[in-house]
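The structure appears below as structure tokens.
The values are calculated or read from the model by the stated rules, or taken from the named source; none is laboratory data. Since the model is a prediction, treat every value here as computed from it, not as a measurement. Here the Cβ positions follow ideal geometry from the backbone for every residue, glycine too, while neighbour counts run over all protein chains shown. The accessibility values were calculated without ligands, DNA or RNA, using every heavy atom of the protein model including side chains. Shrake-Rupley method; radii C 1.70, N 1.55, O 1.52, S 1.80 Å.
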Amino acid sequence: MIFNIIDPISFLTGFLTATVLWFVISRSRPLILELRQNLKEQREIAKSRKTSSVEENHRRVTLRRAQGLHLAAQLFPLDEILQEPTVLTPPAPVEPGRTSRFEDVITQTLPYLPAWPEIAAAYQPHTLTLPQALAGGANIAIIGQPGMGKTVALAYLASLAANRSEKLGHLQDMVPFHFHVADLSLPPKDPKKILEPIIEAVSENVPVFDAGKIPAFVQNTFKNGNALLLVDGFDEITSDEQNLVSEFFKALLKEIPDLRIVTTGAPEHLDGLIMLEFVPLALCAWNEKSKQNFIAQWGELWMRTVALEAWAQTGPEQVDPLLVNSWLGSESINLSPLELTLKVWGAYAGDSLGPHVLEAIATHIRRIAPANTPIAALETLAMQSILSANPVFDSRKARVWVKSFEVVEEVPESAPAQSPEDEAQEVNPNTVSRTKVERITTPTSGLLSRMSGSGLLVSHPNNRMRFIHLVFAGYLAGHALTTYAADDTLINQKDWPGKFIAMRYLAAHGDASRFVQYLLGFSRLPMHRPLFEAARWLRDAPRNAPWRGKMFGMLASILQTDGIPLGLRGQAMAAFVYSNDPSAAALFRQFATSTSFELVHLAVLGLGAVRDGKAVKILQGALQAPSVSVKRAACMALVALGTNEALEIVAQALLNGEEDVRRAAGEALANEPSEGHEMLKDGVTLNDILLRRAVVYGLGRVKEDWATELLKKVQIDDDQWVVRNAATEVLDMRLKGDFYSPVKLKPPSDTPWLVEFAAKKGVGVSPGVPATEILLVALKDEDPDVRLASLQFLKFTPQDTVLKRLYEAMYTDDPELREYTFKVLWELGSAGIKLPIPSDYGLG
């Protein structure tokens with residue numbers, strides 16, 4: 001056997017060396033870790049700098065584009081002429097066990113009418129700024145009629161985000177990605193590359209040296225939860241195209257659940273959005289103060305800039321701005337922001353074709369159309385766009401539509417022939433025209449290029465084009481359709497915004513009797529959508545149009561029907577107001593003497609909205625009605641009239657009325673910026689507790705610094721705790737504006753009240769499984785808060801059983817449940833869900 005003998009010296013040396021080496025390594029390990037961390041941080045910094053430069057360039061491009069997305073972009077940047085957009089605060093979500101939020105009397109008294117914000121403009125209920133609307137975490141659809149300013153609202157949000165505005169609060173550092181739906185190539189070519197359409201859209205406008213960095217920039221920004229996606233144009237497209245965009249949103253949200261999206265929508269056309277938990281928020285119409293501010297702002301900018309230009313110096317002599325502004329202020333009733341802008345522009349430029357709003361639209365189309373272009377060419381292009389249901393059209397097909405107006409050119413032999421598919425897409429005017437149209441051979445692309453260059457058309461990637469605004473397309477198409485027998489084509493289309501706006505302007509220029517007959521024939525409970533779509537035609541249609549009487553009759557019938565939601569009856573009232581018809585005031589005066597308090601309530605609001613000076617005595621009498629809602633509405637209507645006599649009656653109600661009436665009077669006076677505000681300033685000093693408390697609630701609605709300072713003084717100095725508490729309440733309402741923001745719903749399994757309710761019933765709420773059965777039980781519960789809270793979940797499972805229970809809830813004697821249920825059904829209908837008529841369930 002051989003033994004290995006270990007040398008003790010060698011062993012000791014090796015042991016000591018290993019020990020020293022281990023000691024050195026262990027001691028230097030923090031240093032090595034720190035070194036590795038420093039290297040990692042340096043790489044991150046380098047990457048951040050690289051991304052930061054791309055991001056800053058992207059923000060600059062976004063800001064520059066957003067500032068040009070308004071009608072008068074050729075004259076002023078958006079920020080110089082902007083009236084800050086706001087949205088109507090939606091009804092408060094109910095959560096059992098949670099304290100309800102503070103709501104002013106005005107908001108409680110006015111029905112929630114998201115499709116008719118003109119009524120809210122007259123009475124000014126609670127509203128949210130767009131940053132406040134986003135603060136609750138929900139994705140939102142800004143809804144409104146064409147011309148209400150939805151594009152400007154998105155451009156404003158894009159500008160705030162691009163500038164990292166502090167107004168955005170915790171969203172301040174989010175990166176805006178702002179597109180029109182026509183900028184996005186949908187559906188994505190590869191479903192696994194869901195961000196590819198956004199990468200392509202961003203790449204269209206970046207500097208050349210940033211092009212290669214865009215994919216990584218977009219992917220990192222979205223996946224880090226730092227993207228704010230703003231998509232315009234959803235309100236302009238057909239339902240099929242809307243579903244395509246909704247599917248894209250769905251795929252994005254599946255991959256990036258915390259992604260924030262804001263889009264636009266028409267009140268009755270939100271296909272796919274509601275089921276993705278988008279919250280529709282109605283853009284506010286401009287009230288009188290906003291209109292006057294806009295007119296004055298325009299005049300000041302015009303005289304300071306445009307009026308000094310050479311072309312303006314050689315044009316018509318400039319009229320005194322004070323005279324112009326005074327005339328414009330009296331001619332702005334029920335005008336959308338787009339319509340008012342066009343009237344103001346025409347008044348200052350001196351090129352208006354006439355005083356009517358239709359003439360203001362025609363003036364602007366002439367203003368931005370290429371020189372020497374026949375109006376028939378513009379009308380033909382718009383008509384074909386509407387009849388083919390292609391609001392965003394292929395420029396190659398469009399050249400076929402207008403080729404008879406082009407300069408004829410010889411066609412090179414190599415030029416491609418028109419494909420059969422392209423030919424099939426054309427709605428041939430020769431097949432529908434009442435007059436012969438001569439067909440000329442192959443066109444050039446000159447006419448469309450000139451329209452794009454002049455600003456009438458907008459070009460998008462992949463040879464796509466559209467009119468700069470749906471109102472102009474609808475106006476031109478409607479005018480053209482008065483001479484073409486295309487009624488069947490339009491009637492047989494699926495419903496979409498372009499169809500109805502073309503019908504609206506056809507009704508303004510020709511006989512729309514057949515369209516009205518068709519729509520009224522399909523109008524029924526619970527929503528009467530076709531009727532209210534057509535009701536907007538009344539304002540511009542000739543007063544002797546043969547269909548007006550029938551439509552007014554249907555509206556009056558709905559307004560008088562007891563037992564249906566105020567949200568529906570209120571739309572009928574709003575339609576009368578919007579029509580500007582002289583008979584509306586007489587009808588409201590008649591209804592104000594009814595024995596039905598709900599009808600009187602709506603009629604009184606209507607009298608204030610139309611500013612019927614003959615109604616003062618009727619409104620004064622309504623202050624003595626047994627119904628609190630009628631008394632409140634009377635205070636609001638009297639202040640809306642604004643005459644000395646009417647304001648004196650409200651002042652007496654503030655001094656001597658019952659407690660409820662005093663508070664309503666105080667809050668209503670906040671809407672009157674001159675005498676009303678002076679009354680509130682004086683009232684806070686009087687030795688009457690109930691009066692001072694009512695005045696405090698009024699001051700809480702005045703969005704001025706002086707009112708806030710006065711409230712803070714009352715909060716500390718008033719010698720009555722009830723007045724001090726009221727001041728604290730309204731100041732908290734201002735400071736906690738985000739408390740009114742729509743919130744992102746938690747899943748049923750993570751909703752405490754529902755889990756607790758289910759446990760009491762001996763069942764559970766499983767994650768990922770619809771809680772429909774227990775929610776239907778909750779809808780029948782004795783607790784009113786539980787009933788209301790169940791509705792916000794039931795709308796996501798609109799099967800027949802659920803719809804039946806919702807209809808039954810809408811026909812109960814509980815007015816709050818009735819209105820909440822109607823709102824849910826309205827959202828379902830706007831989302832494309834077919835709603836049965838109530839008689840299918842034995843109701844109505």
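Observations
- Paramagnetic reach from Arg101 in segment 669-707 [backbone N under 17 Å; point 7 Å along Cα→Cβ]: 701
- Rounded to the nearest 20 debye, the dipole magnitude of segment 505-555 is 100 debye, with +1 charges on Lys and Arg beta carbons, -1 on Asp and Glu beta carbons, and the Cα centre as origin.
- Stretch gain in nm, segment Glu709-Lys193, where the contour uses 0.36 nm per residue and the Cα spacing is subtracted: 180.3 nm
- Of all lysines in the structure, the ones whose alpha carbon falls short of 23 Å from that of Lys499, not counting any fewer than 8 places away in one chain, are Lys150, Lys397, Lys550, Lys834.
- Förster radius 25 Å - calculated FRET efficiency between Lys494 and Leu843 (Cβ-Cβ, nearest 0.05): 0.35
- Taking Lys and Arg as +1 and Asp and Glu as -1, the other residues whose beta-carbon sits under 13 Å from that of Thr643 total -2.
- Accessible surface of the chain, 1.4 Å probe: 54 percent of it comes from carbon and sulfur atoms.
- At the residue level, Arg632 shows approximately 40 square angstrom of accessible surface with a 1.4 angstrom probe and all protein chains present.
- Considering only alpha-carbon pairs that sit under 8 angstrom and 6 or more positions apart, the relative contact order computed for segment 694-754 is 29 percent.
- Accessible-area ranking of Arg367, Arg536, largest first, probe 1.4 Å: Arg367, Arg536
- FRET efficiency, 1/(1 + (r/R0)^6) with R0 35 Å, evaluated for Glu729 and Asp813 via beta carbons: 0.70
- Between Ala73 and Asn544, the simple label model (points 7 Å from Cα in the Cβ direction) yields a spacing of 4.3 nm.
- Distance between modelled label sites at Ala92 and Lys681, nm, 7 Å Cα→Cβ extension: 3.2 nm
- Glu331 accessible area, 1.4 Å probe, all protein chains in place, Å² to nearest 10: 80 Å²
- Too-long pairs where the Cα-Cα distance tops 18 Å, listed order kept, from Lys744/Lys780; Lys631/Lys681; Lys795/Lys823; Lys681/Lys703; Lys780/Lys804; Lys192/Lys223: Lys744/Lys780; Lys631/Lys681
- Under 5 Å between amide hydrogens, built in the peptide plane, is the criterion, and for Val743 it picks out nothing among residues at least 5 positions away or on other chains.
- Normalised convex hull volume, the chain, alpha-carbon set, Å³ per residue: 283 Å³
- Note on surface exposure: Cys284, Cys635 rank Cys284, Cys635 by accessible area, highest first, 1.4 Å probe.
- Annotation: amide H of Asp232 within the under-5 Å range of Phe179, His180, Val181, sequence separation 5 or more or interchain, hydrogens built in the peptide plane.
- Descending by average beta-carbon neighbour count within 10 Å, the peptides 587-593, 343-349 line up as 343-349, 587-593, the highest first.
- With contacts taken as Cα pairs under 8 Å and at least 6 residues apart, the chain reaches a relative contact order of 13 percent.
- Antiparallel DSSP beta bridges within the chain, percent to nearest 5: 40 percent
- For segment 520-591, alpha-carbon Rg over 2.2 N^0.38 Å: 1.03
- In plain terms, the C-alpha convex hull of segment 783-844 casts an average shadow of 4.0 nm² when viewed from every direction.
- Å² per residue, accessible surface of the chain at 1.4 Å: 45 Å²
- Basic side chains Lys and Arg get +1 at the Cβ, acidic Asp and Glu get -1 at the Cβ, and with that the dipole of the chain about its Cα centre reaches some 980 debye.
- Additional length obtainable on full extension of the chain from Ser454 to Ile375, 0.36 nm per residue less Cα span: 27.0 nm
- Given R0 = 45 Å, the distance between the Cβ atoms of Arg396 and Glu84 translates into a calculated FRET efficiency of 0.65.
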